[in-house]
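Values in this text are rule-based calculations from the coordinates and carry no lab data. The model shown is predicted, which means the values in this text are computed figures rather than measured ones. Note that each Cβ is placed from the backbone with ideal geometry, even for glycine, and that neighbours are counted across all protein chains shown.
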Amino acid sequence: MDLKELRTIRRYITPYSLRLTGITFLSIVCAFFEAVSLGALVPLLQLMQNQQEPGGNLWGYMKAFFDLFGIELSFLTLLGFLTILFLFGQILLFVKKRMQVNLRVIFVDNLKKKLYREILNADMAYHNAQKAGDLLNTIIMEVDSAGYGLFAALELMTDVFFIGVYAIMLLYISVEMTIFCLGIALITLLALNRVLRISNVLGKELMGWNTTQNEFLSERFNLLRLIKTSSAEDAESERFSRISDGYRAAHARYGINGVKIEIIFQAIIFILAVFVLSVSIELFRIPLAMLFLFLFILVRITGPLRDFNNRRHELGREIPSFSKLDQVLTDAVSARHIMSGTRPFRGFHDSIVLRNVSFSYVPGNPVLSEINLTIRKDEMVALVGASGGGKSTLVDLIIRLIDPLEGEICIDGINLKEFDLSSYRAKLGVVSQEIYLLNDTILANICYGSPRVSQDEAVAAAVMANAHEFIMAQPKGYQTVLGEKGVNLSGGQRQRIALARALYKNPEILILDEATSSLDSESEKIIQDSIKSIKKRYTIIAIAHRLSTIEGADLIAVIEEGRVREMGTHRDLLGQNGRYTRYYAMQRGASPEKE
């Protein structure tokens, strides 16, 4: 663990300082009780050998303590005292571990919520550059791993306190033997450091393979249709097998390294025990009672020492998770450039004006250049043109998924950036070519994103979207569960539910981003009828490749290569005999199947 990792961990655990202080205090108290219990063992063992008062410092301390309560110090009273000490120490240990478990689950819960919130709040540009599997793995796996790392670190701290207590007791019995044993233990720890460093390297490798595996599975489960239509099942199985083999091998190396640490440690402890038995009486002249206590403490210290090494091995896997979490959080927070204004958006009365708007994703490669466009209240404005011309980017600017690099977008003369983002988007209804439906009821899908759930309002929205009839034909009507991505519905039905969702919000601005481009002729006609029925009730911005969808628009803007090339009504543009006329002629000459 390097200094940078320590700073990262400290930053994440600082909010829990009070809990950590309480756990540390209890660890010290538990170690103190262990020390008193071990100290009381000395006069107890002495009494077992000789019923007379044995004397000595520990006997004196115990006698003075018992005299405070008017209790005679004897074998039975001392044994009872030891029993009470042990039981009370175990209760305190339980309380400490319970606090540790609660701290771990609270830490994990808070961190997951924070990660999810910051990732959601990051700009779309950030999400476009991320792999969903990586983010999923970070929130689910790495946060849990960091939580276990925090638990392991607290256990390691407790082990250190107990090892200190045991070392002091061993020194009290025999300084020479303790120094010899601790010397061997120190040499062992130094020897194990190399193995433990390997654990850290293997832990990072294991985390990498785990991320790769989750990324692969997340992507492939979203491509099942492509895989099956391409007959790629065997090839994909082989690819996953290779990834799984890599994960298995890394996991095995990490596990074997842990076994290696355990075996080396056990061997050293056995050698120490043999040494103590062979030389203690002859060389150091230790009484039998003291030798028994020395061996007892030596056995007791093996637990914390073993845990100490095991915890260090575990931290080799858990510590890299903090770095991964910190990286994801830092990137997500730094990717948030779309900042909310403070002015509540309650609607508009006149127009949306794009004035000299320019935008580029890559510097020097403009996607939109000097766009000037006025969208009037309750009118329908259509954007047409070849793919890649910048239409969707222009819509993203109006939604404020991105901001202009030059120029401004104003609503009733107020810059869009001044409006509170949540209240503004609450007044937007968006229907895109790619339909997003939840694995939930039809009612929940229509009401998604709204603070209220009203079946009456959902029915009204569905009627406007020409969706009510087929919804009522479902097994449970509006309570029918759609299945993941609405797999139980046709494309046209999914699109009408998406339109009903947009209308349910009673939006000020309704955005239709190629809402009919992937539909058959019958479904397209139904959506077109829906659009005609709501025209003049909402301000509509529509992107369409099929010009039949937007022939009745109040204004049509032809956008090519990031610029507005033509503008006017359907009739006006046909009269210009320009780009729009060419598109219209191409579609009129195409067969319905090609449309």
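The distance between label points at THR330 and ALA585 comes to 5.9 nm (points 7 Å beyond Cα on the Cα→Cβ vector). Remark: the stretch 438-493 carries a charge dipole of roughly 80 debye about the Cα centre, counting +1 on each Lys and Arg Cβ and -1 on each Asp and Glu Cβ. Calculated [222 nm] ellipticity per residue, helices only, for the chain: -21500 deg cm²/dmol; basis is -39500 (n - 2.57) per DSSP H run with n ≥ 4, divided by all residues, nearest 500. Relative contact order of the chain: 14 percent, from C-alpha pairs under 8 Å at least 6 residues apart in sequence.
Per residue, the convex hull spanned by the alpha carbons of the stretch 438-493 comes to 76 Å³. With both residues required to sit in the chain, DSSP beta bridges show an antiparallel share near 50%.
Along the axis of the charge dipole computed for the chain (Cβ charges of +1 for Lys and Arg, -1 for Asp and Glu, origin at the Cα centre), the listed residues LEU20, PHE265, ILE140 are led at the positive end by LEU20. Across the stretch 339-345, computed HN-Hα scalar couplings (Karplus, 6.51 cos²θ - 1.76 cosθ + 1.60, θ = phi - 60°) run 9, 6, x, 10, 7, x, 9 Hz from first to last residue, x flagging Gly and Pro.
Taking 4 °C and 1.567 mPa s as the conditions, I'd like the Stokes-Einstein D for the chain in µm²/s, using the Kirkwood hydrodynamic radius from alpha carbon pairs.
Here the translational diffusion coefficient equals 43 µm²/s.
With both labels modelled 7 Å from their Cα along Cα-to-Cβ, the ILE414 to LYS525 distance reads 4.4 nm. Given a Förster distance of 41 angstrom, what is the FRET efficiency for PHE292 paired with THR21, based on the Cβ-Cβ distance and rounded to 0.05? The value I calculate is 0.60. Straightening the chain between ASP440 and GLU551 buys 36.4 nm, computed as 0.36 nm per residue apart minus the Cα-Cα spacing. Extent of the stretch 377-476 along its three principal axes (Cα atoms, max minus min coordinate, largest first): 52, 33, 27 Å. Between LEU92 and ALA386, the distance separating the two model label sites (each 7 Å from Cα on the Cα→Cβ line) works out to 8.0 nm. With respect to the chain, whose longest principal axis is taken over its alpha-carbon atoms, helix 233-284 is tilted by about 20°. Placing +1 on each Lys and Arg Cβ and -1 on each Asp and Glu Cβ, with no other charges, gives the chain a dipole about its Cα centre of roughly 280 debye. Residues whose amide H lies under 5 Å from that of LEU510, counting only those 5 or more places away or on a different chain, are GLY429, THR539, ILE540, ILE541; hydrogens are built 1.01 Å from N in the peptide plane. Straightening the chain between VAL274 and ARG343 buys 16.9 nm, computed as 0.36 nm per residue apart minus the Cα-Cα spacing. The C-alpha atoms of the chain define a longest principal axis, and helix 455-464 lies at about 40 degrees to it.
Subtracting the Cα-Cα distance of VAL160 and ILE106 from 0.36 nm times their residue separation leaves 17.0 nm of extension gain. For the stretch 288-362, the set of trypsin sites (Lys or Arg not before Pro) satisfying both a DSSP loop assignment and a count of at most 13 other C-beta atoms within 10 Å is given as ARG336, ARG346. Rounded to the nearest Hz, the phi-derived 3J(HN,Hα) couplings of the stretch 12-29 under the Karplus curve 6.51 cos²θ - 1.76 cosθ + 1.60 (θ = phi - 60°) are 7, 9, 4, x, 10, 4, 5, 5, 5, 5, x, 5, 4, 4, 5, 4, 5, 5, where x marks glycine and proline.
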